[in-house]
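Structure first, then comments.
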Amino acid sequence: MKFLKFFLIVIILFPLSSVNAEENDKRNKITKNLRCLICQGQSVYDSDSEFANSLKIVVDKKLQEGFSEDQIYEYFKTKYGEWILYDPGLNKNTYILWLLPILIFLIGGAIIYKSFINRK
Amino acid sequence: MGALLVFYKKNMKNKILPFSIIIIFGIIFFIFYKGLEDSKIYIPDFNTKKEIPVFNTKEFFSGENVKSSSIFELDKVYLLNIWSSWCVPCRQEHPFLMNLNLENKLNIIGMNYKDNLKNAENFLKELGNPYKEIFIDLDGTIAIDWGAYGVPESFLIYNNVIIKKYIGPLNQELVDEINLLIK
């Protein structure tokens, strides 16, 4: 009987805690991608400033309201602009940032390929 | 002439590689050099014609629930001022708010940001109360809804639209500008 009780408690508690952990992970992931605007070079996750702490509360609230990660980013983008995101989307201001690595990779590949052909 | 062309082609082929590397590095250098000039400090949009957010909160003195729609009416000019008793620049700008209130051309609304209510009341007793209404933002989430990121910050509002945003304490110059804008 005692064992059954224990078993029941474990079954009831276990899924709850895992859900909680999932939410925490998500919140940490989101706040790591948000720039703390008043502390240079720190993410909201790292910072303990008034602004960052409020932002964490807002992220929690939005998650509870059922916002997805992208919706939360979108929300902060309309409030503070692209600058608040560490991982900016592809647009006319950031296309160089996105295309440069691909370009360098292609050109580098071409150079290596060419030098191989030449050696033969 | 033909020999010269062949010679030129042969030499050019060897030069393509270093030449292209120099060009690539030139481009990369240029992009990063330009990046150096960009400001790395957050500069908010000052002229945002955004609708004001909708929120529920508590009134400062009575502690009663208030809605944003009952604070901001259409066809009136409001100045929303985010302040706090622990914020030193707020003390600096307070006389300007008092003067603006005396001129009586706009309604000044206060947002008490992450404050101890007792301290906040003492602050107002000491320096005067220029606010027509004050509401509380205890955890700073309403300020985020407004796109604010510190204290003090002021928003000029007309018809539920933010006309202008002032970051940092107000001074005589900015007060003159506000007077010019609401004429």
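None of the figures in this text is laboratory data; all of them are computed from the coordinates on show. These numbers come from a predicted model, not from an experiment. Note: ideal-geometry Cβ built from the backbone for every residue, glycine included; neighbour counts use all protein chains shown.
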>> Just to verify a number: FRET efficiency for B:Gln92 and B:Ile27, C-beta to C-beta distance, R0 = 41 Å, to 0.05?
In response: 0.30
>> Can you pull out the chymotrypsin sites (Phe, Trp or Tyr not before Pro) in the stretch A:62-120 whose DSSP state is coil and whose Cβ has at most 12 other Cβ atoms within 10 Å?
In response: A:Tyr86
>> With angles folded into 0 to 90 degrees, how steeply does helix B:117-127 sit against the dominant principal axis of chain B? Use alpha carbons for both and round to 10.
In response: 80 degrees
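Which ordering of B:Cys87, A:Cys36 is given by a fewest-first count of other beta-carbon atoms within 10 Å? Before the final figure, lay out each step's value.
Numbers: B:Cys87 19, A:Cys36 23.
Fewest-to-most ranking of B:Cys87, A:Cys36: B:Cys87, A:Cys36.
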> Size of chain B along its principal axes in angstrom, Cα-based, largest extent first?
Replying inline: 96, 36, 29
> For a label point 7 angstrom out from the Cα of A:Lys29 toward its Cβ, which stretches of the stretch A:49-68 have the backbone nitrogen within less than 13 Å?
Replying inline: A:68
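Grab the other residues whose beta carbon is less than 11 angstrom from that of B:Lys76, score K and R as +1, D and E as -1, and report the net.
0
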> Which angle between 0 and 90 degrees, to the nearest 10, do you get for helix B:172-181 versus the longest principal axis of chain B when only C-alpha atoms count?
Replying inline: 90 degrees
>> Can you work out the Karplus-derived ³J(HN,Hα) for every residue in the stretch B:72-89? Use 6.51 cos²θ - 1.76 cosθ + 1.60 with θ = phi - 60°, whole Hz, and x for glycine or proline.
In response: 9, 9, 6, 6, 10, 9, 10, 10, 8, 10, 8, 9, 7, 6, 8, 9, 5, x
> Using modelled backbone amide H atoms (1.01 Å from N, in-plane), which distant-in-sequence or interchain residues come within less than 5 Å of B:Val77's amide H?
Replying inline: B:Asn107
> In the protein assembly as shown, what % of DSSP beta bridges are antiparallel (nearest 5)?
Replying inline: 65 percent
>> Restricting to DSSP H runs of at least four residues, report the calculated mean residue ellipticity at 222 nm for the protein assembly as shown, -39500 (n - 2.57) per run over all residues, nearest 500 deg cm²/dmol.
In response: -18000 deg cm²/dmol
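For chain A, what's the relative contact order in percent, using C-alpha pairs closer than 8 Å and at least 6 residues apart?
Values: 65 pairs, mean separation 21.0, N = 120.
It rounds to 18 percent for chain A.
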>> If you average the alpha carbon positions of the stretch A:23-73 and of the stretch B:130-183, how far apart do those two centres end up, in angstrom?
In response: 24 Å
> By how many degrees, between 0 and 90 and to the nearest 10, does the Cα long axis of helix A:95-119 differ from the longest principal axis of chain A?
Replying inline: 50 degrees
> How many Lys pairs in the stretch A:2-88 lie less than 20 angstrom apart by Cα atoms, where the lysines are 8 or more positions apart or on different chains?
Replying inline: 20
> So, counting K/R as plus one and D/E as minus one, what does the shell of residues with Cβ under 13 Å around B:Lys183 add up to?
Replying inline: -2
> Taking amide H positions as placed 1.01 Å from N in the peptide plane, with prolines and chain starts having none, which residues 5 or more places from B:Phe55, or on another chain, fall under 5 Å of its amide H?
Replying inline: B:Ser68, B:Ser69
> Mind checking which aspartates and glutamates have their C-alpha under 17 Å from B:Lys58, skipping anything on the same chain fewer than 8 residues away?
Replying inline: B:Asp115, B:Glu121, B:Glu133, B:Asp137, B:Asp139, B:Asp145
> What percentages, rounded to whole numbers, describe P(r) for the stretch A:2-88 computed over all alpha carbon pairs with 10 Å bin width beginning at zero?
Replying inline: 17, 42, 20, 12, 8, 2
> For A:Asp25, what charge total do you get from the other residues with a beta carbon under 12 Å from its beta carbon, if Lys and Arg give +1 and Asp and Glu give -1?
Replying inline: +1
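So what is the relative contact order for chain B, in percent, with contacts set as C-alpha pairs under 8 Å and at least six apart? Walk me through the numbers before you get to the answer.
Working: 243 pairs, mean separation 47.9, N = 183.
Contact order relative to length: 26 percent.
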